[in-house]
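The values are calculated or read from the model by the stated rules, or taken from the named source; none is laboratory data. Values in this document were obtained by computation on a predicted structure and should not be read as measured data. Quick reminder, even Gly has a Cβ in these numbers, built from the backbone with ideal geometry, and neighbours come from all protein chains shown.
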Ligand code: FES
Ligand code: FES
């Protein structure tokens, strides 16, 4: 069986699995990292949102063979540490989520936070404000309808990034 190597949350990982297995199943089932959630498997719900080289992507829709060995994949578990924080620290966006008590059932929330951080980074790189228009570009679905609290938390988290 082919070997697949990439960086996950700051560490190089290698797994034996077929080329066409989607990355989400490699991360969750083979590597036991379960922050990215499975919702649709077809790049629609965004529950699996993680980062590749600092940008948001959806590992349910990427074959593991399309990830290069130097690609940096980050999940919610590695967000703080790979953003310069210590192992016991939270990313400012995670803290903003706690401060505003955002989650309801919680299922979509790791993906929401990862999407939020990527959007703020994109806005900063482009010199844009993290305003309602920018936040509307995030397409992550929340079946519990926590969108108002998500919006407030993104703005508060962005102020600390
Ligand atoms: S599970 Fe990846 S977008 Fe829905
Ligand atoms: S908090 Fe339940 S789906 Fe978003």
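Any chance you could count how many residues in the stretch 48-64 are more than 21 Å from residue 83 (Cα to Cα) and either within 6 Å of ligand 1 (Cβ to nearest atom) or part of a loop (DSSP other than H, G, I, E, B) (or both)?
2
Listed here are the residues, each with its yes/no results for (1) over 19 Å from residue 47 (Cβ atoms); (2) not in a loop (DSSP other than H, G, I, E, B).
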| site | (1), (2) |
| --- | --- |
| 69 | yes, no |
| 73 | no, yes |
| 80 | yes, yes |
| 84 | yes, no |
| 88 | yes, no |
| 95 | yes, yes |
| 101 | yes, no |
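List the number of the failed condition for residue 129; all other conditions in (1) away from ligand 1 (no atom under 16 Å from the Cβ); (2) closer than 30 Å to residue 30 by Cα; (3) part of a loop (DSSP other than H, G, I, E, B); (4) not assigned by TED's automatic domain parsing to the domain that holds residue 28 hold.
The failed condition is (2).
From the list 156, 134, pick out the single residue that is more than 16 Å from ligand 2 (Cβ to nearest atom), in a helix (DSSP H, G or I) and farther than 27 Å from residue 10 by Cα.
After ruling out the rest, the residue left standing is 134.
Each row is one residue, and each column tells you yes or no for (1) away from ligand 1 (no atom under 16 Å from the Cβ); (2) within 17 Å of the chain's Cα centre (by Cα); (3) assigned by TED's automatic domain parsing to the domain that holds residue 58.
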site	(1), (2), (3)
92	yes, yes, no
96	yes, yes, no
101	yes, no, no
113	no, yes, no
117	yes, yes, no
123	yes, yes, no
138	no, yes, no
141	no, yes, no
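Go through (1) in contact (Cβ under 8 Å) with a residue 24 or more places away in the chain; (2) touching a strand residue (DSSP E or B) at 6+ places or on another chain (Cβ under 9 Å); (3) surrounded by 14 or more Cβ atoms within 10 Å (Cβ to Cβ) one by one and return the number of the condition residue 141 breaks.
Exception for residue 141: condition (2).
Taking the condition surrounded by fewer than 19 Cβ atoms within 10 Å (Cβ to Cβ), without any contact (Cβ under 8 Å) to a residue 60 or more places away in the chain, more than 23 Å from residue 139 (Cβ to Cβ) and touching a helix residue (DSSP H, G or I) at 6+ places or on another chain (Cβ under 9 Å), does residue 99 pass?
For residue 99, the condition - surrounded by fewer than 19 Cβ atoms within 10 Å (Cβ to Cβ), without any contact (Cβ under 8 Å) to a residue 60 or more places away in the chain, more than 23 Å from residue 139 (Cβ to Cβ) and touching a helix residue (DSSP H, G or I) at 6+ places or on another chain (Cβ under 9 Å) - is met.
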